[in-house]
1. Looking at segment 61-73, which of its residues are within 16 Å of the ligand (Cβ to nearest atom), among the small types (Gly, Ala, Ser) and outside any strand (DSSP E or B)?
2. Across segment 211-233, what is the total count of residues that are among the polar types (S, T, N, Q) and part of a helix (DSSP H, G or I)?
3. Could you run through segment 352-374 and say how many residues are closer than 16 Å to TYR230 by Cβ and at pLDDT 95 or above?
4. Filter segment 1-27 for residues that are away from the ligand (no atom under 13 Å from the Cβ) and touching a residue at least 12 places away in the same chain (Cβ under 8 Å) and give the result.
5. Could you list, ordered by first residue, the pairs with Cβ atoms under 9 Å in which the first is in segment 91-119 and outside the structural domain of CYS14 (by TED's automatic domain parsing) and the second is β-branched (Val, Ile, Thr) and more than 11 Å from the ligand (Cβ to nearest atom), at least 6 apart or interchain?
6. Which strands (runs of 3 or more DSSP E) does segment 259-374 wholly contain that include 1 or more residues that are in contact with a Phe, Trp or Tyr (Cβ under 8 Å, 6 or more places away or on another chain) and crowded, with 17+ Cβ neighbours inside 10 Å?
7. Would you check which residues across segment 84-121 are in a strand (DSSP E or B), more than 16 Å from the ligand (Cβ to nearest atom) and under 20 Å from the mean Cα position of the chain (by Cα) and list them?
8. In the list PHE76, PHE58, which residue meets the criterion of being within 22 Å of ARG29 (Cβ to Cβ), within 19 Å of the chain's Cα centre (by Cα) and either of a type in the set (A, V, I, L, M, F, W, C) or part of a helix (DSSP H, G or I) (or both)?
Amino acid sequence: MNNTLGLYLHIPFCLRKCGYCDFYSVTDRTRTDAFVDSLCAQIRGAAQIAKEPVDTVFFGGGTPSLLSVKQLERVFCALTAFSIAPDAEISMEVNPATANEAAFRAYRALGVNRLSIGMQSASDRELKWLSRVHSAADTVKTVRELTRAGFDNFNLDLIYGLKEQTARDFEASVCAALELCPTHLSLYALTLSETVPLYAERARLSPDEVQETQYLRACERLREAGMAQYEISNFASPGFACAHNLKYWTRAPYLGFGPGASSFYSGRRFEIAPDLDAYCGKPPGLEELLERAPALSETDALTEELILALRLTRGIDARAYAGKLKDGRRFLSELDGLIPAGFAAETDGRVRLTQNGFLVSNEILARLLCAAGL
Ligand code: SF4
């Protein structure tokens, strides 16, 4: 049982809303100080209850780089209420053109040792369509500045499946990203919920077969560049997988802070209301959040375990998992059937999806869950 803890801090401010984004964030930045007050209070309160050592901290959002260095100093001061390991991975999301070299130096001095840059595309036309605030040149400048400030561990996010984006268009973004020498790359297929402005353009996204080619070609380029895939959307140079995100996929405990942040702790999942006003008025305490959240049922826990494990290239210990099911044999036979078809592979008793399996993972999971009786 993993007894270390991850912390996620949701910083809910953005310069403007991107047309595809349904994460909780606001563009009114007049209340950043009130937010930081509440965030620090919530962190200190939770540290009274959660005594596990912390080995990952992740500043996400929103756009964490919109907080001032002084505000971040206050947050880091509050974080000392937890026992944070000296070698903890401390990541911060940054959008291009929202931080300069001086800010990067300050982040390093505070203890940040990993950055995640919202590049999304190397095409200004695509960035404009996504209503990102930055250009492709801004990403290059940001990477140059963070490198000068001493960061050698950073991720670049890319999105595929954009409006009329061809396989070659996306490949160009992947190659441009690789030229910036990241240690980590995340590739996300664009998904548009009904609530976002770009939902109206959903019919013009790259068709499924183009998205498949985009994904497979990107996987190939990254493999050639020495980056290993460790999750359906994530690739890293050896030793640079994101320890914080691995907690999500291995069902390790983490606590979320800030409006809209979610947690998994003490066998319970819970979320803080995505409401900055309410959060600034009174942030919810950990005790109260735990009291309100029911413990996950055994069925829910087994469902999560399968879905999350099969996102990872290390896959699942098939027999150990089957042993927890009422009818493990039916599950194993369904899982084994994926191997000759090329959708899964087995190494030392662990079964993982192949890249072709990842492309149809929703269908595969539906069948496996049914066979598992979940
Ligand atoms: S910057 Fe990130 S969090 Fe903010 S609106 Fe754009 S995608 Fe969403």
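The values are calculated or read from the model by the stated rules, or taken from the named source; none is laboratory data. No experiment lies behind these values; they were computed from the predicted model shown. Because the Cβ atoms are built from the backbone with ideal geometry, glycine has one as well, and the counts that use them run over all protein chains shown.
1. Once the filter is applied, which keeps residues that are within 16 Å of the ligand (Cβ to nearest atom), among the small types (Gly, Ala, Ser) and outside any strand (DSSP E or B), segment 61-73 yields GLY62, SER65.
2. 3
3. Looking only at that region, the number is 6.
4. ASN2, ASN3, THR4, LEU5, GLY6, LEU7, TYR8, LEU9
5. Nothing qualifies.
6. Correct list: 262-265, 350-353.
7. ALA88, GLU89, ILE90, ARG114
8. The match here is PHE58.
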